[in-house]
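The values are calculated or read from the model by the stated rules, or taken from the named source; none is laboratory data. This one's a predicted model, so the numbers in the text were calculated from it and none came from an experiment. A quick note on method: Cβ atoms are made from the backbone with ideal geometry, for glycine too, and the neighbour counts reach across all protein chains shown. Each accessible area value is taken on the protein alone, full model and side chains, heavy atoms only, with ligands, DNA and RNA left out. Shrake-Rupley method; radii C 1.70, N 1.55, O 1.52, S 1.80 Å.
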Amino acid sequence: MAKLEFNITFEVPAKVIYNAFVDQYEVLQYTRSPGVVENKEGGVYKILDGRIDGVFQKLVENTEIAMTWKFSDWKDYSLVHIKFVDREDSVQVKIVQTNLPQGTDVKQLEHGWRNYIFLPMSKIRGYPLENDD
């Protein structure tokens, strides 16, 4: 089964990017669309007007997020694991997405993460990105 794995680095502390995933106000700002983000284990994560939804399975403040995740046209949920590695003046965000449906274009999926989540997070919320790892 296919797996997506990549890193991206922001020039801000881990807590800033962690909060950008779990704070509904922030998520609605950078996605510029309706959504629901319940900041608790078992909480709903529905963004981009329902095109992506999931449930937070594990939340370790400023350190880790584990969640189910799927596009509205996927039958089954994938699993997303996000780790936040705090550095002296930045945070490395490590994304691992498993249990992808057969035939998933992993390069396109990574493109989506980068262009619909992380780039808007940087441009709209003002969190500077380092060069790709």
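Tell me which of SER78, GLN29, PRO13 sits at the most positive position along the dipole axis of the chain, charges placed on C-beta atoms (Lys, Arg +1; Asp, Glu -1).
Value computed over the given set: SER78.
Assuming R0 = 22 Å, what is the FRET efficiency of GLN24 and ASN62, from their Cβ-Cβ distance, to the nearest 0.05?
Details: r = 18 Å, r/R0 = 0.80.
It comes out at approximately 0.80.
Return the carbon/sulfur percentage of the accessible area of the chain, one whole number, probe 1.4 Å, all protein chains in place. Present the calculation step by step, with values, prior to reporting the outcome.
Working: 3300 of 7180 Å².
Carbon plus sulfur share of accessible area: 46 percent.
With the calculation restricted to Cα positions, what are the radius of gyration and Dmax of the stretch 1-125 in angstrom?
When restricted to the Cα atoms of the stretch 1-125, Rg and Dmax are 13.5, 41 Å.
Can you give the helix-only mean residue ellipticity at 222 nm for the chain, where every DSSP H stretch with n ≥ 4 adds -39500 (n - 2.57) and the sum goes over all residues, rounded to the nearest 500 deg cm²/dmol?
Details: 4 runs with 32 residues, N = 133.
When only DSSP H runs of four or more count, the value is -6500 deg cm²/dmol.
What size of dipole, in debye to the nearest 20, comes out for the stretch 3-86 about its Cα centre when the only charges are +1 on Lys and Arg C-beta atoms and -1 on Asp and Glu C-beta atoms? Don't jump to the answer; show the numbers that get you there.
Numbers: 10 positive and 13 negative charges, 42 e Å.
Dipole size: approximately 200 debye.
Going by average Cβ neighbours within 10 Å, how do the peptides 10-18, 49-57 rank, with the highest at the top? All intermediate terms of the calculation are to be shown ahead of the outcome.
Numbers: 10-18: 18.9, 49-57: 16.4.
Ranking the peptides 10-18, 49-57 by packing returns 10-18, 49-57.
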